[in-house]
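The values are calculated or read from the model by the stated rules, or taken from the named source; none is laboratory data. Quick caveat, the model's predicted, so the values are computed rather than measured. So basically every Cβ, Gly included, is an ideal-geometry build from the backbone, and we count neighbours across all protein chains shown. Heads up: the accessible areas ignore ligands, DNA and RNA and are worked out on the full protein's heavy atoms, side chains in. Shrake-Rupley method; radii C 1.70, N 1.55, O 1.52, S 1.80 Å.
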Amino acid sequence: MHRLRPVHYLMIAPAQLMLAAVIILPAASLLWLSLERFTYGRSPEFVGLANYAYILADRAFWRATLNTFLVVNVVVYGELLLGLGMALLVAGWIPCRRLVVSALLAPYAITEVSAVVMWRYMLEPDIGMINYALSALGLGQIDYGGDPTAALGVAAVMAIWMHAPFTFLILYAALLTVPNELVEAARVDGAGAWQVFRHVKFRLIVPAILIALLFRYITAMRLFAEIWLLTEGGPARMTEVLAVYLYRHAFKYHDFGVAAATGFAMLVLSLAIAMPYLVQMYRRMLRDAA
Amino acid sequence: MQRNSLARRRLGAAALGAIGASAVRAPAIAQGRPTKLTIMSHAVHRAVATGAKGGDSTAAWRQRTGLDVEWITFSVEGVHERVYREASLADGNVDIAFLLERYGGPHIATMFEDLGEWQKRDPIEHFDEIGEGMKAAHTYRGRMIAIPYRHATHGFFFNRTFMGERGIAVPPRSLEEIAELAERLTYARGDGTRVNGYALSMDDPSAMVDLVRAFGGEFITPDYRVVCNEPGAVRAATLVRDWYRKGVLARNVMSFKTEEVITAMQQGRAAMTNQPFGRFVNYNDPRQSKFPGAIDVVTLPMAAAASGGVAGRPAPAKTSVWAMAIPRNARNKELSWALIKELSSRESTIRAAVNGNGPVRASAYDNSEVRQLAPWSDFEKEVLPTARLVLPGFENAAKAMDIYMEELQRAMLGQAEPQQAMDAVKARIEPLLPRT
């Protein structure tokens with residue numbers, strides 16, 4: 001490896017400056033805001049860690065954290081399984097492939113608000129087609145308005161439906177790059193479809209899976225529209241997730257210090273989740289460079 | 001103030017970064033003479049101020065001044081969030097802002113002009129006709145920051161078709177009768193449509209406080225005492241919990257906002273509700289409702305035990321007061337005040353009432369056109385003297401309302417007894433109240 005010289009630093013400086021402007025400065029501003037008591041009509045007042053103490057003592061925050069943890073894991077791994085299944089299906093033999101790919105990508109093109117409204121209609125207790133069908137089959141109804149578990153389940157299903165195409169796209173692209181020679185060689189050696197997938201394709205698409213997981217973990221942490229438009233965090237704030245908790249404090253209570261502290265907590269949580277993947281990717285990058 | 005403004009700009013950047021929201025509007029007024037005045041409000045204000053039925057209250061003013069009026073409208077929460085954000089900047093683009101009393105409080109009063117001073121200097125005609133309670137709803141520490149424009153006062157609605165189908169001939173005369181009828185009116189109609197006996201909006205305590213007061217209770221008193229754990233209020237919470245268990249309220253009622261209640265009444269999925277009197281128009285509109293002409297409104301009666309022996313005595317109805325304010329940073333305050341005067345005149349009040357507004361001047365109820373178009377006006381006039389706000393304005397009012405609804409819903413879900421839930425409301429809200 002070559003040693004980095006000043007000219008190299010100079011050449012990467014514009015990119016670093018841009019990163020500082022769009023990521024580090026707003027994050028520092030958010031951190032500072034989280035140390036202040038701040039609302040409309042008042043001068044900001046430095047309160048140290050009081051906002052963090054407030055959220056840590058607030059049971060709604062812990063419930064939101066638990067809900068976020070549960071929903072995000074269900075969503076990310078649900079999407080991974082669904083996306084992988086769809087990618088394998090489409091990468092194999094399938095008629096009208098272009099049409100199928102377009103259809104699979106369609107939910108990703110729908111705005112979240114429209115999608116949630118559509119799902120709400122389908123789940124309406126009296127006229128919704130899903131609840132109507134479930135009732136007709138004697139399976140009861142999905143009561144997202146009164147059952148927090150059902151509401152979180154519905155939110156997770158909606159998120160998977162909306163975002164699975166992203167995971168599908170990454171994994172489908174990765175599967176297309178798997179060399180045919182390797183697959184054929186494995187078949188010549190007597191490998192069946194499952195063994196080809198497990199020992200050849202899966203191993204080659206692991207980096208793509210990690211990237212998909214990383215991106216979706218980070219973006220799923222911001223899960224908001226699905227919950228806000230479905231239940232607004234109710235009943236009894238039992239379906240609130242961290243982004244809804246933040247929104248409530250910022251735009252309903254105008255308690256911006258607490259909202260900023262929540263935002264910073266979300267940032268730390270995202271980093272904690274992303275760190276193992278980032279470390280693994282960094283090690284792989286160094287290994288490849290060597 | 002300068003530090004405040006700068007900090008707010010920083011706050012705006014951080015909050016927007018965190019949530020990814022909201023566009024920034026270009027300055028509305030160019031240098032020199034303005035070409036328009038900008039009003040930030042809810043869509044309903046625009047509708048009642050400029051509606052076709054009663055006429056446009058701004059038309060004559062626009063003709064006289066040669067200025068245009070730009071309305072920027074948002075949801076109820078959205079209006080306040082944006083108005084406060086605009087008003088906290090060093091230089092603002094909003095000339096008139098509509099505020100609802102429960103989003104106000106002494107902490108935001110400094111961001112708006114003291115209109116009491118403007119009224120002394122250049123008075124609105126017959127200002128004493130506007131109820132003192134309505135003016136007080138927007139007055140903090142002697143500063144009247146907004147001029148009342150609209151009130152939304154609750155009445156009790158019932159579907160006569162459903163009552164006929166269930167053999168009920170006369171409207172209920174007490175809250176106990178309502179409770180009984182609500183159960184009888186929870187049924188499946190001949191065509192299979194399921195009807196819930198009652199519908200409540202549950203995004204805030206507006207509808208719930210009617211029931212609390214009908215039982216002789218209260219949520220928070222005007223002198224900031226939390227009394228929702230006293231017997232009347234607990235009885236109301238118990239009634240709602242029981243209604244939910246018995247299916248009188250829809251299973252998804254906890255996600256009901258005003259819009260869901262309106263739809264449920266229009267589509268015949270609910271038989272009774274308490275909502276602003278003005279909803280009479282929506283419920284009986286043949287273009288929107290399956291029961292045009294069949295949904296009546298009267299005053300909500302007190303519970304027999306709390307009525308002092310007067311059968312059918314109206315409960316103190318919930319009211320809310322929208323009012324017009326001038327941000328301190330507005331650029332054309334003289335013009336803003338002139339337009340507020342125009343919108344507050346007797347003539348404009350009647351015009352807006354014909355367009356469906358809750359008139360803040362008592363004289364509007366005597367107008368024949370208003371009486372013809374608003375058949376509920378006698379009932380509304382009857383309850384106005386005793387009508388009360390949901391709660392007095394203070395900095396943590398939004399938080400207090402959320403706490404109330406959270407604990408009430410816990411009781412409905414069976415996670416707490418109503419008394420226990422209301423005790424929790426008191427314990428959690430008291431530290432949030434202003435220190436007097």
- Share of region A:21-86's accessible area from carbon and sulfur, percent, 1.4 Å? 79 percent
- Task: Mind giving me the nanometre distance, one decimal, between the label points for B:THR161 and B:THR263, set 7 Å out from Cα along Cα→Cβ?
- Result: 1.9 nm
- Simple spin-label estimate for A:SER43 and A:ALA27 in nanometres, 7 Å along Cα-Cβ: 3.2 nm
- Result for chain B: accessible area per residue, probe 1.4 angstrom, in square angstrom, of 39 Å²
- Query: Name the residues of region A:31-52 whose accessible area falls by at least 30 Å² when all protein chains are present instead of the chain alone, probe 1.4 Å?
  - Reply: A:LEU33, A:PHE38, A:TYR40, A:GLY41, A:ARG42, A:PRO44
- Residue among B:ALA188, B:PRO327, B:HIS154 farthest towards the positive dipole end of the protein assembly as shown, charges placed on Cβ: B:PRO327
- Item | Net charge, B:ALA214 excluded, C-beta distance under 13 Å - Lys, Arg +1, Asp, Glu -1 | +2
- Task: Report the net charge of residues surrounding A:TYR245, where surrounding means a beta-carbon distance below 15 angstrom and charges are Lys +1, Arg +1, Asp -1, Glu -1.
- Result: 0
- From the phi of every residue in region A:106-122, what ³J(HN,Hα) in whole Hz does the Karplus formula 6.51 cos²θ - 1.76 cosθ + 1.60 yield, where θ is phi - 60° and glycine or proline is x? 3, x, 5, 8, 8, 5, 4, 4, 4, 4, 5, 4, 4, 5, 4, 4, 5
- Using a 1.4 Å probe on the heavy atoms of the protein chains only, list every residue of region B:234-275 that has 50 Å² or more less accessible area in the complete assembly than in its chain alone. B:ARG251, B:ASN252, B:SER255, B:ARG269
- Task: For an R0 of 56 angstrom, estimate the FRET efficiency from the Cβ-Cβ distance between A:LEU4 and B:ASP122 and round to the nearest 0.05.
- Result: 0.20
- Message: Taking the solvent-accessible surface of protein heavy atoms with a 1.4 Å probe, what is the per residue accessible area of region A:86-209 in Å²?
- Response: 56 Å²
- Which value in Å does the Kirkwood hydrodynamic radius of region A:132-243 take, with 1/r averaged over all unlike C-alpha pairs and then inverted? 17.1 Å
- Any idea how far apart A:LEU19 and A:ASP189 come out in nm if each label point goes 7 Å out from Cα toward Cβ? 3.9 nm
- Item | Lysine pairs with alpha-carbon atoms under 23 Å apart, chain B, spacing 8 or more or separate chains | 20
- Note on the structure: Dimensionless Rg/Rh of region A:89-128, both radii on Cα and Rh by Kirkwood, sits at 1.20
- Item | Distance histogram in 20 Å bins (all Cα pairs of chain B, percent per bin) | 25, 56, 19, 0
- How big is D, in µm² s⁻¹, for the protein assembly as shown by Stokes-Einstein at 37 °C and 0.692 mPa s if Rh is the Kirkwood radius over C-alpha pairs? 115 µm²/s
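Between A:SER135 and A:THR177, 0.36 nm times their residue separation minus their Cα-Cα distance comes to what?
10.5 nm
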- Item | Inverse of mean 1/r across different Cα pairs in region A:1-94, Kirkwood, Å | 18.8 Å
- Task: Using a/c under 1.5 as the rounded threshold, could you call chain A rounded, prolate or oblate? The axes a ≥ b ≥ c are square roots of the C-alpha gyration tensor eigenvalues, and prolate needs a/b larger than b/c, oblate otherwise.
- Result: oblate
- Buried by partner chains in region B:394-412 (accessible area down by at least 20 Å² vs chain alone, 1.4 Å probe, heavy atoms, protein only) are B:GLU395, B:ALA398, B:LYS399, B:ASP402, B:GLU406, B:GLN409, B:ARG410
- So how strong a dipole does the protein assembly as shown carry about its Cα centre when Lys and Arg Cβ are +1 and Asp and Glu Cβ are -1, to the nearest 20 debye? 1680 debye
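Please give the FRET efficiency for A:TYR282 paired with A:LEU88, using the beta carbon to beta carbon distance and R0 = 25 Å, rounded to the nearest 0.05.
Working from the Cβ atoms, E equals 0.30.
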- Carbon plus sulfur fraction of accessible area for region B:97-142, probe 1.4 Å, in percent: 51 percent
- Query: Any idea of the total accessible area buried by the A-B contact, 1.4 Å probe, rounded to 100 Å²?
  - Reply: 3800 Å²
- The FRET efficiency for B:VAL281 and A:LEU99, from their Cβ-Cβ distance with R0 = 35 Å and rounded to 0.05, is 0.10
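How big is D for region B:360-436, in µm² s⁻¹ as a whole number, if Stokes-Einstein is applied with the Kirkwood radius of its Cα pairs at 25 °C and 0.890 mPa s?
So the translational diffusion coefficient is about 157 µm²/s.
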- Item | Furthest towards positive pole of dipole, A:ALA250, B:GLY293, A:THR149, structure part the protein assembly as shown, Cβ charges | A:ALA250
- Counting only protein heavy atoms with a 1.4 Å probe and every protein chain in place, the carbon and sulfur fraction of the accessible surface of region B:187-277 in whole percent equals 48 percent
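Lys and Arg at +1, Asp and Glu at -1: add these up for the other residues within a Cβ distance under 14 Å of B:LYS381 and post the number.
-3
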